[in-house]
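Q: Dropping the structure in here first, questions after.
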Amino acid sequence: MAYWDTFLHLGDISLTLAAAAGITAWLLAARAWRVAFWWSVLFVACIGLVGASKIAYIAWGNALPALDFKAASGHAAGITAIAPLLFYLPIRHRGAAARAAATAGGLALGVLMGVLLVASDEHSAAEALAGWTLGATVSLGGIWLAGELPLQRPAHGLLCLAVVFLTAAWMMRSFPFGYLMYRTARFLSGNSVPFPWG
């Protein structure tokens with residue numbers, strides 16, 4: 001179970017946001033302004049939809065009981081949104097088979113995240129699938145957009161990604177994302193007691 005917990009933490013919002021910032025830095029370093037902009041829009045929309053679904057449940061109890069669905073999984077969405085691009089960008093200068101394998105590996109990592117979330121009773125299958133689908137849409141959209149990048153060696157991009165990721169992860173290490181979500185839900189609904197997740 002300890003191994004599962006360690007892996008599940010890779011989907012924490014603080015790490016996925018930091019990784020997304022690193023990917024954006026890589027794209028900006030490549031002077032791919034349009035790609036960086038649209039990748040950022042896709043990622044923010046994904047995280048926004050996950051957050052909105054969680055707030056809707058916490059605030060008003062919006063759910064689909066028949067599917068055991070309360071809100072999309074943020075961990076599944078986050079890791080699936082970033083992992084394929086993190087695997088894809090460094091090997092863009094290689095052949096199509098390597099790029100396809102990198103993309104598939106990132107998507108498979110998202111599937112593994114979803115399976116472990118369900119196995120550990122953190123989310124239902126429907127919630128994990130919804131998160132994975134959102135994340136896959138973002139990552140595949142980002143990879144499609146990245147098709148117009150020049151085929152250059154990845155050293156410069158990797159350096160930019162690493163610096164921005166480490167800086168952003170350090171800055172967000174104790175940011176109260178969950179607390180702000182609950183406060184937002186209470187403010188919007190006027191309910192003093194949020195709907196319980198468990």
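Laboratory data are not the source of any read-out in this text; all were calculated from the coordinates shown. The structure presented is a predicted model; accordingly, all values stated were derived computationally and were not measured. Cβ: placed from backbone, ideal geometry, glycine included. Neighbour counts: every protein chain shown.
Q: If you scan segment 83-92, which residues turn out to be surrounded by 16 or more Cβ atoms within 10 Å (Cβ to Cβ) and either in contact (Cβ under 8 Å) with a residue 40 or more places away in the chain or not in a helix (DSSP H, G or I) (or both)?
A: Ala83, Pro84, Leu85, Leu86, Tyr88, Leu89, Pro90, Arg92
Q: The conditions are (1) of a type outside the set (Lys, Arg); (2) out of contact with any Asp or Glu (no Cβ under 7 Å at 6 or more places or on another chain); (3) touching a residue at least 24 places away in the same chain (Cβ under 8 Å); (4) on the phi < 0 side of the Ramachandran plot, and Ser73 fails exactly one of them. Which is it?
A: Condition (2) is where Ser73 drops out.
Q: If you take just the helices (runs of 4 or more DSSP H) that sit entirely in segment 93-198, which of them hold at least 2 residues that are of a type in the set (Ser, Thr, Tyr), out of contact with any Phe, Trp or Tyr (no Cβ under 7 Å at 6 or more places or on another chain) and in contact (Cβ under 8 Å) with a residue 40 or more places away in the chain?
A: In segment 93-198, the matching helices (runs of 4 or more DSSP H) lie at 125-145, 177-189.
Each row is one residue, and each column tells you yes or no for (1) in contact with an Asp or Glu (Cβ under 9 Å, 6 or more places away or on another chain); (2) of a type outside the set (A, V, I, L, M, F, W, C).
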{"site": "Ala20", "(1), (2)": "no, no"}
{"site": "Arg31", "(1), (2)": "no, yes"}
{"site": "Ile55", "(1), (2)": "no, no"}
{"site": "Thr80", "(1), (2)": "no, yes"}
{"site": "Phe87", "(1), (2)": "no, no"}
{"site": "Arg92", "(1), (2)": "no, yes"}
{"site": "Leu116", "(1), (2)": "yes, no"}
{"site": "Ser120", "(1), (2)": "yes, yes"}
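Q: Pairs, please: C-beta under 7 Å, at least 6 apart or cross-chain, first residue under 18 Å from Pro84 (Cα atoms) and in segment 25-51, second in a helix (DSSP H, G or I) and aromatic (Phe, Trp, Tyr)?
A: Note: pairs meeting the criteria are Leu27/Trp39.
Q: Can you tell which of Ala59, Ala76 is in contact with a Pro (Cβ under 8 Å, 6 or more places away or on another chain), small (Gly, Ala, Ser) and either farther than 19 Å from Leu145 by Cβ or surrounded by fewer than 20 Cβ atoms within 10 Å (Cβ to Cβ) (or both)?
A: Ala59
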